[in-house]
């Protein structure tokens, strides 16, 4: 991960998270069939009411939008080889990201991703980076033990990473030494573009930082308040918010796109204190450690755990010889240092090491040790990293998921034995095992089963005939690399239905009309005239070619081929006269489409007040969904 090389640009701030979480529960959503779970006699309104009732017990955001955005986030420092500097002209420039948070596997925590169009640092007319999306952001190395004082998932932290190809980048330096250095670095032969990585931590729910697990009364009070708001009607999103720190660096050949591919120092089973996975490398005479996700805070004041002096040591397994690479003290990893350099610690190499010592150290396994607690982290020398960590397939022919083997943070170009375990969606049950080999470049291609609608994971381990891993608590996100696959069912029976409104609503649109009340703010999915009038927009937003974009519909990326086919066939038809259409619509659909009390308007959404026969305003809709730069 080249954020451990120079130049580096750091940013920090906050991020909001506003996902609909009703689909986290099997009683509301079937992830294998990609269907909202409605009983045969249940209406859309009854489903929504059941989701509201569930808010009393944990469904914390039934009116969410899936939007995730940076706010109060800006560039804070740059590092050109002399430590974090805050005087560069880019410092203070805003960081702007508007994205959609979507879990490939909604029931679990391991498949979060951010779909977006553009990431920006700086302002137009000044020093800036404009980075059109190359790959979605992917969540990795979830640290469930980061902040034990937090409420629900607020106790966890997670690394997010993506990359941007050079060809699409706009970098205007305008006197910024950091941006000038970045431009020059992109001309280097092995430079592919930019990598952006950030860590999200200390997540707050219900806008109440005092909530804690194990203290139920304040939590229930907040749930009851939300429940009353939902019952009162209107639009009631309930976003969470996190602190973030992040870094921009140069993405280089051989480096993974979605997660770090440097040396991986993993929690040691015998460690007396828990420190989450860190990544490390040597660059320009320094040992660089990414501790952005590693060292816990001790309480709400976010004071970092004091582990004393930390040492990076290389251990030759054969000779047992040790090489003291570097050491650093608490002020170099405390809260102030963490926020100043996004958790990256850069320490000069031990000057006592000879060139021969360094050569041996590069071939040895590294450890992180504490003067107070002893051994904390031990390197996993070989890693196999997926190139497609979250893969969507349609039912039919098998797809491919690719992986690359790394040794000490560099691609290993040799044939290796790989044992691949296939697990259920929860990552707890092994459902198949394959003994495979990489090619001579260290690359592995797995034929991913797409024979039926399902969600599953691949857990690759380097070696042959290995004992199965302990998955009693699911996939250990600190220890293993993994790839998830979601196969959407073909749903051919739906595709074969006559393209009547009744069929389209009952078999396609009711899924998202029930699950996503936020849709009411710009389109009534139960109104056939509005839906038909939006035909050109819906064709564009549901086109599989737009799958990676911020605007793609449905946001949850779970429309089947059969559903899309039926919807498109309906939209291609000439719409009957409204009176004639009304006579053909099933009574339950008319009831669902009947006027309801107006939703509370939100500033960046279209209130549901279009006349049924009115034509949609695409520019207004596009602004509503993008909300980019508050256009």
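The values are calculated or read from the model by the stated rules, or taken from the named source; none is laboratory data. Remember, it's a predicted structure, so these values are computed and weren't measured experimentally. Don't worry about glycine lacking a Cβ; one is built from the backbone with ideal geometry, like all the others, and counts go over all protein chains shown.
Tally time: how many residues in the stretch 39-64 are closer than 21 Å to residue 224 by Cα and crowded, with 17+ Cβ neighbours inside 10 Å? Write out each step before concluding.
We begin by selecting, within the stretch 39-64, every residue closer than 21 Å to residue 224 by Cα; these are 45-64.
This time we only want the ones that are crowded, with 17+ Cβ neighbours inside 10 Å, so: 47-48, 50-52, 54-55, 59-64.
Residues in the stretch 39-64 being closer than 21 Å to residue 224 by Cα and crowded, with 17+ Cβ neighbours inside 10 Å: 13 in total.
Of the strands (runs of 3 or more DSSP E) lying entirely inside the stretch 250-362, those containing at least 1 residues that are free of Cβ contacts under 8 Å to residues at least 40 places away in the same chain are 322-328. Residue 241 satisfies every condition listed in (1) under 24 Å from residue 130 (Cβ atoms); (2) at pLDDT 95 or above except (1). The condition (being surrounded by 17 or more Cβ atoms within 10 Å (Cβ to Cβ) and assigned to a loop (DSSP other than H, G, I, E, B)) is satisfied by just one residue among 471, 466, 459: 471. The numbered conditions (1) free of Cβ contacts under 8 Å to residues at least 40 places away in the same chain; (2) within 22 Å of residue 481 (Cβ to Cβ); (3) not in a strand (DSSP E or B) are all true for residue 425 except (1).
Output yes when any residue across the stretch 13-32 is buried (at least 18 other Cβ atoms within 10 Å of the Cβ) and farther than 27 Å from residue 486 by Cβ, and no when none is.
Taking every residue of the stretch 13-32 in turn, at least one turns out to be buried (at least 18 other Cβ atoms within 10 Å of the Cβ) and farther than 27 Å from residue 486 by Cβ.
Does residue 115 satisfy the criteria of being touching a residue at least 60 places away in the same chain (Cβ under 8 Å), farther than 26 Å from residue 302 by Cα, over 11 Å from the mean Cα position of the chain (by Cα) and buried (at least 21 other Cβ atoms within 10 Å of the Cβ)? It would help to see each step written out before you state the result.
On the way: touching a residue at least 60 places away in the same chain (Cβ under 8 Å): yes; farther than 26 Å from residue 302 by Cα: yes; over 11 Å from the mean Cα position of the chain (by Cα): no; buried (at least 21 other Cβ atoms within 10 Å of the Cβ): yes.
It is false that residue 115 is touching a residue at least 60 places away in the same chain (Cβ under 8 Å), farther than 26 Å from residue 302 by Cα, over 11 Å from the mean Cα position of the chain (by Cα) and buried (at least 21 other Cβ atoms within 10 Å of the Cβ).
Do the conditions hold for residue 157, that is, is it buried (at least 21 other Cβ atoms within 10 Å of the Cβ) and closer than 30 Å to residue 58 by Cα?
Working: buried (at least 21 other Cβ atoms within 10 Å of the Cβ): yes; closer than 30 Å to residue 58 by Cα: yes.
Yes.
Among the residues of the stretch 224-235, just one is closer than 30 Å to residue 302 by Cα and buried (at least 20 other Cβ atoms within 10 Å of the Cβ), namely 226. Scanning the stretch 438-447 for residues that are crowded, with 20+ Cβ neighbours inside 10 Å and in a strand (DSSP E or B) returns 444, 446. Contact map, the stretch 538-552: first residue touching a residue at least 40 places away in the same chain (Cβ under 8 Å), second residue in a loop (DSSP other than H, G, I, E, B) and surrounded by fewer than 16 Cβ atoms within 10 Å (Cβ to Cβ), Cβ cut-off under 9 Å, separation 6 or more or different chains; pairs are 552/543. Could you tell me whether the stretch 126-145 includes any residue that is surrounded by fewer than 18 Cβ atoms within 10 Å (Cβ to Cβ) and under 22 Å from residue 202 (Cβ atoms)? Yes; the residues of the stretch 126-145 include at least one that is surrounded by fewer than 18 Cβ atoms within 10 Å (Cβ to Cβ) and under 22 Å from residue 202 (Cβ atoms).
For every residue, the table says whether it meets (1) under 14 Å from residue 122 (Cβ atoms); (2) without any contact (Cβ under 8 Å) to a residue 60 or more places away in the chain; (3) part of a helix (DSSP H, G or I).
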{"residue": "142", "(1), (2), (3)": "no, no, no"}
{"residue": "145", "(1), (2), (3)": "no, no, no"}
{"residue": "150", "(1), (2), (3)": "no, no, no"}
{"residue": "154", "(1), (2), (3)": "no, no, yes"}
{"residue": "161", "(1), (2), (3)": "no, no, no"}
{"residue": "171", "(1), (2), (3)": "yes, yes, no"}
{"residue": "180", "(1), (2), (3)": "yes, yes, yes"}
{"residue": "188", "(1), (2), (3)": "no, no, no"}
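Scanning the stretch 248-287 for residues being within 12 Å of residue 366 (Cβ to Cβ) and crowded, with 24+ Cβ neighbours inside 10 Å gives a total of 7. For the stretch 363-388, filtering for residues that are surrounded by fewer than 18 Cβ atoms within 10 Å (Cβ to Cβ) and closer than 24 Å to residue 83 by Cβ leaves 1.
Checked against (1) more than 28 Å from residue 19 (Cβ to Cβ); (2) touching a residue at least 60 places away in the same chain (Cβ under 8 Å); (3) touching a strand residue (DSSP E or B) at 6+ places or on another chain (Cβ under 9 Å), residue 529 passes all but condition (3).
Could you list all residues from the stretch 41-50 that are assigned to a helix (DSSP H, G or I) and in contact (Cβ under 8 Å) with a residue 40 or more places away in the chain? Outline the logic, then answer.
Let us first name the residues in the stretch 41-50 that are assigned to a helix (DSSP H, G or I), namely 44-50.
Matches in the stretch 41-50: 44, 45, 47, 48.
Checking every residue in the stretch 373-395 against the condition of being touching a helix residue (DSSP H, G or I) at 6+ places or on another chain (Cβ under 9 Å) and closer than 30 Å to residue 563 by Cβ gives at least one match.
One residue stands out in the stretch 85-96 among those that are over 20 Å from the mean Cα position of the chain (by Cα) and surrounded by 17 or more Cβ atoms within 10 Å (Cβ to Cβ): the one that is nearest to residue 203 (Cα to Cα), namely 94.
Return the residues of the stretch 1-40 that are in a loop (DSSP other than H, G, I, E, B) and more than 22 Å from the chain's Cα centre (by Cα); say none if nothing qualifies.
Of all residues in the stretch 1-40, those in a loop (DSSP other than H, G, I, E, B) come to 1, 5-7, 19-21, 25-28, 31-34, 37-40.
The answer is 5, 6, 7, 27, 28, 33, 37, 38, 39, 40.
Are any of the residues in the stretch 401-421 assigned to a loop (DSSP other than H, G, I, E, B), in contact with a helix residue (DSSP H, G or I) (Cβ under 8 Å, 6 or more places away or on another chain) and modelled with pLDDT of 95 or more? Yes, the conditions are met somewhere in the stretch 401-421.
Quick one: how many residues across the stretch 382-400 are outside any strand (DSSP E or B) and either assigned by TED's automatic domain parsing to the domain that holds residue 114 or within 22 Å of the chain's Cα centre (by Cα) (or both)?
Our first condition is that a residue be outside any strand (DSSP E or B); within the stretch 382-400, this holds for 387-389, 395-398.
Narrowing further to those that are either assigned by TED's automatic domain parsing to the domain that holds residue 114 or within 22 Å of the chain's Cα centre (by Cα) (or both): 387-389.
Result for the stretch 382-400: 3.
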